[in-house]
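Single-structure report; data block below.
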Amino acid sequence: MRAFVQREIKPNVGRWFENAELPTEIFSKLASEGLFGMHLKGYGCAGLSAPQYGLAMQELEAGDSGIRLVLLLSAVRL
């Protein structure tokens, strides 16, 4: 997650903020890295433990809290 944030988010976050945009293209990149559903087991998901998932969310938060929120909400069952 740290490498992803350094590569894909930190170089762009200022521009996204200034333009008030949610960069939807980042979500396909997160998915291709296997970062959606990373706490789930099966279905090709990583099956991370709660502490691993929490650390990954902290790394994403360090890059952009809005993107972290989208990833977090993708894990919520309604």
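The values are calculated or read from the model by the stated rules, or taken from the named source; none is laboratory data. Values in this document were obtained by computation on a predicted structure and should not be read as measured data. Reconstructed Cβ throughout: ideal geometry from the backbone, glycine too, with neighbour counts over all protein chains shown. Heavy atoms of the whole protein, side chains included, go into the accessibility calculation; ligands, DNA and RNA do not. Shrake-Rupley method; radii C 1.70, N 1.55, O 1.52, S 1.80 Å.
Okay, here's what the table says:
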{"quantity": "First in the range 61-73 and within 18 Å of LEU40 (Cβ to Cβ), second anywhere and open to solvent by less than 50 Å² (accessible area, probe 1.4 Å), Cβ under 8 Å, 6 or more apart", "calculated": "ARG68/MET57; ARG68/LEU60; VAL70/PHE27; LEU71/LEU30; LEU71/LEU35; LEU71/MET57; LEU71/LEU60; LEU72/MET57"}
{"quantity": "Any chance SER32 is modelled with pLDDT under 90, of a type in the set (S, T, N, Q) and either within 16 Å of LEU72 (Cα to Cα) or touching a Phe, Trp or Tyr at 6+ places or on another chain (Cβ under 6 Å) (or both)", "calculated": "no"}
